[in-house]
Amino acid sequence: MIKKKAFHICFIIVCFSFLFFNCVKNREPASSTEMKTINDSMNRTVSVPESVHHIICSGAGALRYISYMQCQDKVIAVDDMEKERPQFEARPYAFANPGFRDLPMFGEARGNDNPELIAALNPLPDVIFKTYGEMGFNPVELQEKTGIPVVVLDYGDLGKNRPVFYRSIELIGRIMNKSERAEEIKEYIDNIIIDLDKRTSEISDRKTCYIGGVAYKGAQGLQSTEPGYPPFLFLNTPNADIDPMNNEFAHMDVSKEKIVESDPEIIFIDIATFQSDPRANAAYELKHDPAYASLRAAKNGNIYGVLPYNWYTQNHGSTLANAYFIGTILYPDRFKDIDPIKKADEIYTFLVGKPVFKEMDDSFNHMAYKKMEL
């Protein structure tokens, strides 16, 4: 009798789920019945409403790009990353939009969406923007289960994949009727990178420098670096004598011997390192490891903190702001007109709408853009 009752309950649940998702699948988009067709970054043909009023953003950085595009007022729910209140925070768009924390949650971070939670939203999103389509919930299956158009965006970067980044904001612009804003972003970033290049391209006597503690899926120690650290690239400055290996933004752990051999004059530390154990961060290593303590930069006190830029994927505003700060340290005569904190806030204001340098610096106990005392 119990088995029979359990069978009936399971049967009812299955039937309800089938009817629920079919109803959702067959519903019209919430805001418009007029549709247009786009090709997303996975080369999928997706029909989206002509007018979009409600959206959600799935995956690392999706909400950042929506904020860049000044569409944050269309966001009706967020993943659990936006609900957290960590001790350390380095996402400018999150500081600029504290209201994201109060929105309903539709799934977990890194694209691990919950179709049931999405289908229960009121109103329903007209479009789901999703970065890193290969991670988390499959975008095709998500669209099938919810009946909501899913548009996959390639994240790109500010180096050789800058055109990929630009294509994604252009795609957002076409969908959200914000194409003019996409062009403004492209022009603004291109002009900054051109400015950095003009200031440094003809320098012949370059100081040797190194970036350590670069965040990569969490906090890291001094050996964590990027051969082609973006601010160094924009400043035409090599990262010690580490070969970029034809991959500008590749993370790597360089050997201690290589750091000692290069003996940089100046070391920059990604302050994300201070999330780690106090005896494992880059500053502790520089102070207490005899090999590192012998470096010129350590002996002369030329150690500086820079903002993390790898934080729920790349924060392009922090990349550009760091480049100006580093420029003032390496080549002060070429950057004498730059106040790096004011420049950072100018960049953040353009990209996310608010000057948020102070909030991020506060989050990291005021270590950004300062000489570090070991």
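The values are calculated or read from the model by the stated rules, or taken from the named source; none is laboratory data. Note that the structure is predicted; figures quoted are calculated from it, not measured. Heads up, the Cβs are rebuilt from the backbone with ideal geometry, glycines too, and the neighbour counts pull from every protein chain shown.
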For the stretch 300-317, give me each residue that is part of a loop (DSSP other than H, G, I, E, B), of a type outside the set (Gly, Ala, Ser) and out of contact with any Ser or Thr (no Cβ under 9 Å at 6 or more places or on another chain). 300, 302, 312, 315
Kindly establish whether residue 297 is assigned to a helix (DSSP H, G or I), under 19 Å from residue 239 (Cβ atoms), assigned by TED's automatic domain parsing to the domain that holds residue 218 and in contact with an Asp or Glu (Cβ under 9 Å, 6 or more places away or on another chain). yes
Apart from one, (1) over 22 Å from residue 87 (Cβ atoms); (2) touching a residue at least 12 places away in the same chain (Cβ under 8 Å) all hold for residue 270; the odd one out is (1)
Of the candidates 285, 346, the one satisfying the condition of being within 29 Å of residue 154 (Cβ to Cβ) and of a type in the set (Asp, Glu) is 346
Restricting the stretch 153-181 to residues that are assigned to a loop (DSSP other than H, G, I, E, B) and among the polar types (S, T, N, Q), the residue that is surrounded by the most Cβ atoms within 10 Å (Cβ to Cβ): 161
Subset of the stretch 285-339 (residues that are of a type in the set (Ser, Thr, Tyr) and either within 15 Å of residue 214 (Cα to Cα) or surrounded by 21 or more Cβ atoms within 10 Å (Cβ to Cβ) (or both)): 292, 304, 309, 312, 313, 318, 319, 324
Confirm whether residue 313 is touching a residue at least 24 places away in the same chain (Cβ under 8 Å), hydroxyl-bearing (Ser, Thr, Tyr) and either in the same structural domain as residue 92 (by TED's automatic domain parsing) or within 23 Å of residue 70 (Cβ to Cβ) (or both). yes
Subset of the stretch 39-57, residues in a strand (DSSP E or B) and crowded, with 16+ Cβ neighbours inside 10 Å, comes to 46, 48, 49, 55, 56, 57
What is the number of the single condition among (1) touching a residue at least 40 places away in the same chain (Cβ under 8 Å); (2) within 30 Å of residue 168 (Cβ to Cβ); (3) of a type in the set (S, T, N, Q) that residue 365 does not meet? (2)
Picked from the stretch 5-64 (must be more than 25 Å from residue 134 (Cα to Cα) and among the acidic types (Asp, Glu)), the residue modelled with the lowest pLDDT is 28
For the stretch 205-226, state whether one or more residues are touching a Gly at 6+ places or on another chain (Cβ under 8 Å), part of a helix (DSSP H, G or I), assigned by TED's automatic domain parsing to the domain that holds residue 294 and buried (at least 16 other Cβ atoms within 10 Å of the Cβ). no
Any residue at all in the stretch 134-147 that's within 22 Å of residue 308 (Cβ to Cβ) and buried (at least 22 other Cβ atoms within 10 Å of the Cβ)? no
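Yes/no matrix, rows are residues, columns are (1) among the hydroxyl-bearing types (Ser, Thr, Tyr); (2) in a strand (DSSP E or B); (3) in contact with a Gly (Cβ under 6 Å, 6 or more places away or on another chain):
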| site | (1), (2), (3) |
| --- | --- |
| 88 | no, no, no |
| 93 | yes, no, no |
| 100 | no, no, no |
| 116 | no, no, no |
| 122 | no, no, no |
| 130 | no, yes, yes |
| 133 | no, no, no |
| 140 | no, no, no |
| 143 | no, no, no |
Among 320, 374, the single one that is in a helix (DSSP H, G or I), hydrophobic (A, V, I, L, M, F, W, C), touching a residue at least 24 places away in the same chain (Cβ under 8 Å) and not assigned by TED's automatic domain parsing to the domain that holds residue 68 is 320
